[in-house]
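Participant: Got a structure for you, questions after.
No value in this document is a laboratory result; all are computed from the given coordinates. Keep in mind the model is a prediction, meaning the values are calculated, not measured. Counting neighbours? That spans all protein chains shown, and the Cβs are built from the backbone with ideal geometry, glycine included.
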Amino acid sequence: MTRGRPLLYLASHSPRRRELLRQIGVRFETLLLRSDPIRGSDVEEIPQDGEAPTDYVNRVTLEKARVGAVRARERGLAPGLVLAADTEVVIDGQALGKPRDAAAATRMLIRLSGRSHEVLSAVAVATSETGIEIRQTRSTVWLKTLDPVELRRYVSTGEPLDKAGAYAIQGLGALFVTRIEGSYSAVMGLPLYETGELLRSSGFDLP
């Protein structure tokens, strides 16, 4: 059993990040940030003009952690750490983001088909005493050449629609991954080694 001191809040909607934290025995509470195309979002995940993907991933992650800490105080939650993360698929120097619809997912996958691409994943922990610390990882993933039939079938499952780069390495998308260099957990959405480093340095007990 972990002895988490202080409390940990995960500022994320991602079930994958919750799964990864549980994998390493971390107790946490989910702190949902507003993310709605109509009502607005607490953090706008849109690259700025000329912004490099590495800078973009760091900026979004830091903003999620900062806003999460603010929301925790506003909601009267007990003091604790706020953990946030962001993962982006990058090809030809461009962060692809998440597809808006099936057509966008298809275009992304065609672009990734038969090639390697980078996955940038950043994680940050906000504390009331020391501010925010961040780590970033870079992994390389190779996808097989996708034929039109399997591409159409995959998109029709709906799995690509909320995933960076339009595939899930922990889901059906794993069938397309021929090779990976780097961190599997980072490609999935949360670099666990770097997460552990940040939590320990912030005074959180790990197994």
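Participant: Take every Cα pair under 8 Å in the range 80-153 that's 6+ residues apart, average their separations, divide by the length, and report that relative contact order as a whole percent.
Facilitator: 35 percent
Participant: Is the range 66-207 rounded, prolate or oblate when judged by the Cα gyration tensor, a ≥ b ≥ c being the square roots of its eigenvalues, rounded requiring a/c under 1.5 and prolate requiring a/b larger than b/c?
Facilitator: Prolate shape, in that a/c is at least 1.5 and a/b is the bigger ratio.
Participant: Give me the number: length gained by fully extending Leu77 to Arg179, i.e. 0.36 nm times residue separation minus the C-alpha to C-alpha distance, one decimal in nm.
Facilitator: Full-extension gain reported as 32.5 nm.
Participant: Taking 0.36 nm per intervening residue step and subtracting the Cα-Cα distance, what contour gain separates Asp101 from Glu44 on full extension?
Facilitator: Difference between extended and current length: 18.7 nm.
Participant: Further question: So which aspartates and glutamates can Lys163 reach, going by Cα to Cα under 13 Å and dropping same-chain residues fewer than 8 places off?
Facilitator: By straight Cα distance, Lys163 reaches Asp86, Glu88, Asp101.
Participant: Based only on the alpha carbon positions, what is the Kirkwood hydrodynamic radius of the range 136-207, in angstrom?
Facilitator: 13.9 Å
Participant: Okay, next question. Suppose a student asked you for the relative contact order of the range 7-201, using Cα pairs under 8 Å spaced at least 6 residues apart; what percent would you report?
Facilitator: 21 percent
Participant: Between Thr157, Thr106, Thr54, where does the largest GNM mean-square fluctuation fall for the chain, given springs only between Cα atoms within less than 10 Å?
Facilitator: Thr157
Participant: Loop-only check: which GluC sites (Glu not before Pro) in the range 68-163 are DSSP coil with at most 15 other Cβ within 10 angstrom?
Facilitator: Sites meeting the loop and neighbour criteria: Glu129.
Participant: Then there is this: How much length is gained on full extension from Trp142 to Leu172, taking 0.36 nm per residue of separation minus their Cα-Cα distance?
Facilitator: 9.3 nm
Participant: If each DSSP helix of 4+ residues adds -39,500 (n - 2.57) and the sum is divided by the residues in the chain, what number results at 222 nm, nearest 500 deg cm²/dmol?
Facilitator: Theoretical 222 nm ellipticity from helices: -9500 deg cm²/dmol.
Participant: Suppose every Lys and Arg Cβ carries +1 and every Asp and Glu Cβ carries -1, with no other charges. What dipole size does the chain come out with about its Cα centre, to the nearest 20 debye?
Facilitator: 560 debye
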